[in-house]
Amino acid sequence: MKAIVYTKFGPPDVLQLKEVEKPIPQDNEILIKVHAASANAYDWRHLRADPFLIRLMGAGLLKPKHRILGADIAGQVEAVGSNVKQFQPGDEVFGEGSYGGFAEYVCVDENRFVLKPANLTFEEAAAVPMAALTALQGLRDKGHIQARQKVLINGASGGVGSFAVQIAKSFEAEVTGVCSTTKMDFVRSIVLKISSPTRIAFKGSCLMKAMYPVISSMFCNACSVTLTE
């Protein structure tokens, strides 16, 4: 099969299109024929091994441990392992596989994937997992968001931010989105109230903390949550 591989850390120039062996699913894995995969800051940082700590977190110390990037994947199940219960060949699925998505086929743990909704294209589904999960974990698990709570999404037009806006609204919170003026129309389509950076105080100010019990700030597809009394 064809795959985009890298054998050393560095800029995009180190990526190469090569023929590699097609993977065989283990007992708890499914083999997916990849229809779409999205690129995240996660992939960029693993490509460059930046920050250096990524090397110590499993990316590989001197060279990449996993030669194929691509965490967010959408495709069709081609084969299943002997212990797989949730899927069967032909199922359309999407999820986060950590690596391996920039290839024609990839094997992933069945528990990291779900059935793709019929009203989503493969491309749309592949753009969801990492950004949406980051937003959900930040707001629900770390921010403990509550109904009718005031929530400020700083970076509301980005990948994580746009999901954070929609997730906060699903919790029936009062949502304010912060973005550049060129992105206001987009954010306005998914949030009830929008403010440009010139109308919002800086994140660390007393005014902002007084106004918003939960402040979610997006930077490089990472989510940080500030809780205020």
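The values are calculated or read from the model by the stated rules, or taken from the named source; none is laboratory data. Model, not experiment: these values are computed from the prediction. Note that we place each Cβ from the backbone using ideal geometry, even for glycine, and neighbour counts take in every protein chain shown.
Below are the figures for this structure:
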| item | result |
| --- | --- |
| Residue check for residue 137: of a type outside the set (D, E, K, R) and not assigned by TED's automatic domain parsing to the domain that holds residue 35 | yes |
| Filtered residue count, the stretch 87-119, keeping only those that are assigned to a loop (DSSP other than H, G, I, E, B) and at pLDDT 95 or above | 13 |
| Flag if residue 131 is at pLDDT 95 or above and either surrounded by 15 or more Cβ atoms within 10 Å (Cβ to Cβ) or not acidic (Asp, Glu) (or both) | no |
| Residue within the stretch 105-126 that is touching a helix residue (DSSP H, G or I) at 6+ places or on another chain (Cβ under 8 Å), touching a residue at least 40 places away in the same chain (Cβ under 8 Å) and either among the small types (Gly, Ala, Ser) or surrounded by fewer than 17 Cβ atoms within 10 Å (Cβ to Cβ) (or both) present | no |
| Answer from 28, 40 - the residue that is within 18 Å of residue 105 (Cβ to Cβ), of a type in the set (S, T, N, Q) and touching an Asp or Glu at 6+ places or on another chain (Cβ under 7 Å) | 28 |
| Failed condition for residue 58, given (1) more than 21 Å from residue 20 (Cβ to Cβ); (2) within 20 Å of the chain's Cα centre (by Cα); (3) not basic (Lys, Arg) | (1) |
| Within the stretch 1-81, strands (runs of 3 or more DSSP E) holding 3 or more residues that are in contact (Cβ under 8 Å) with a residue 40 or more places away in the chain | 2-5, 29-38, 72-80 |
| So residue 57, is it of a type outside the set (Val, Ile, Thr) and in contact with a strand residue (DSSP E or B) (Cβ under 7 Å, 6 or more places away or on another chain) | no |
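Yes/no per residue for (1) of a type in the set (Gly, Ala, Ser); (2) touching a residue at least 60 places away in the same chain (Cβ under 8 Å); (3) assigned to a strand (DSSP E or B); (4) loosely packed, with under 15 Cβ neighbours inside 10 Å:
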residue: 138; (1), (2), (3), (4): yes, yes, no, no
residue: 141; (1), (2), (3), (4): no, no, no, yes
residue: 145; (1), (2), (3), (4): no, yes, no, no
residue: 148; (1), (2), (3), (4): no, no, no, yes
residue: 152; (1), (2), (3), (4): no, yes, yes, no
residue: 162; (1), (2), (3), (4): yes, no, no, no
residue: 169; (1), (2), (3), (4): no, no, no, no
residue: 172; (1), (2), (3), (4): no, no, no, yes
